[in-house]
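Everything on this sheet refers to the single structure shown next.
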Amino acid sequence: MPSENRNRTSVTLEDRIKAVTMCQQGKSFAAIGRELNRSKSCIKRNIDLYNETNSYNDRPRPGRPRISTAKDDRNLTASSSLVRKRLLANKLEWKVAVKKPRLSTKHIKDRKTFCKMVKSWPLSKWRLVLFSDEMNIEVDNRKNRICIRRTTAEKYNQD
């Protein structure tokens, strides 16, 4: 398999277990690599690690260990830089709030009425409808922006 199709992500626990199982069944490193879309050397490295440690987990990463634990982080009096680092570590990025229309009860009622009305339209009537997308573009208008910290998945959550 060409090398450009192989990914450089960390090998998942599931793939490590599969690789070790296939090796124990007598498959070659190259055959296992082709099946799991990994290089032969990656498969060999993971199987050697399993044989040394008898565990599927990674070795501990090098580097200075964190001073605070997750439990300590909940009760910290911390500097703004530490808070920023912890928020980014938890994937809470600085985002511009999405402008959402606030719907009143009347708006919701009117929308439902409209939907019920057009639900039964025939195809010939729908073909006469012109859909347009109007958009106001402001270049670099920063004064009206509201910035918040959210994960990408929380983009449209109501506050």
Exercise. Any idea which residue in the range 56-68 is surrounded by the most Cβ atoms within 10 Å (Cβ to Cβ), counting only those that are modelled with pLDDT of 85 or more and within 25 Å of the chain's Cα centre (by Cα)?
Worked result: Tyr56
Seminar exercise, completed: The residue from Ile108, Ile137 that alone is of a type in the set (A, V, I, L, M, F, W, C) and modelled with pLDDT under 75 is Ile137
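Quick one: which helices (runs of 4 or more DSSP H) lie wholly within the range 31-106 and hold at least 1 residues that are of a type in the set (S, T, N, Q) and under 30 Å from Glu154 (Cα atoms)?
Numbers: elements: 40-53, 70-73, 80-89.
Once the helices (runs of 4 or more DSSP H) in the range 31-106 are filtered for at least 1 residues that are of a type in the set (S, T, N, Q) and under 30 Å from Glu154 (Cα atoms), what remains is 80-89.
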Exercise. Just a yes or no: is a residue in the range 105-115 in contact with a strand residue (DSSP E or B) (Cβ under 7 Å, 6 or more places away or on another chain), of a type outside the set (D, E, K, R) and in the same structural domain as Arg150 (by TED's automatic domain parsing)?
Worked result: no
For this session: Please tell me if Val20 is assigned by TED's automatic domain parsing to the domain that holds Ile146 and of a type outside the set (Ser, Thr, Tyr).
Result: no
Exercise. When residues of the range 107-120 are filtered for being charged (D, E, K, R) and either within 30 Å of Arg150 (Cα to Cα) or in a loop (DSSP other than H, G, I, E, B) (or both), how many remain?
Worked result: 2
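Kindly establish whether Lys71 is surrounded by 10 or more Cβ atoms within 10 Å (Cβ to Cβ) and either in the same structural domain as Gln24 (by TED's automatic domain parsing) or within 27 Å of the chain's Cα centre (by Cα) (or both).
Working: surrounded by 10 or more Cβ atoms within 10 Å (Cβ to Cβ): no; either in the same structural domain as Gln24 (by TED's automatic domain parsing) or within 27 Å of the chain's Cα centre (by Cα) (or both): yes.
Answer is no for this residue.
The values are calculated or read from the model by the stated rules, or taken from the named source; none is laboratory data. On a predicted model such as this, the values are computed, not experimentally measured, just so you know. Methodologically, a virtual Cβ is constructed for each residue, glycine included, from the backbone with ideal geometry; neighbour enumeration extends over all protein chains shown.
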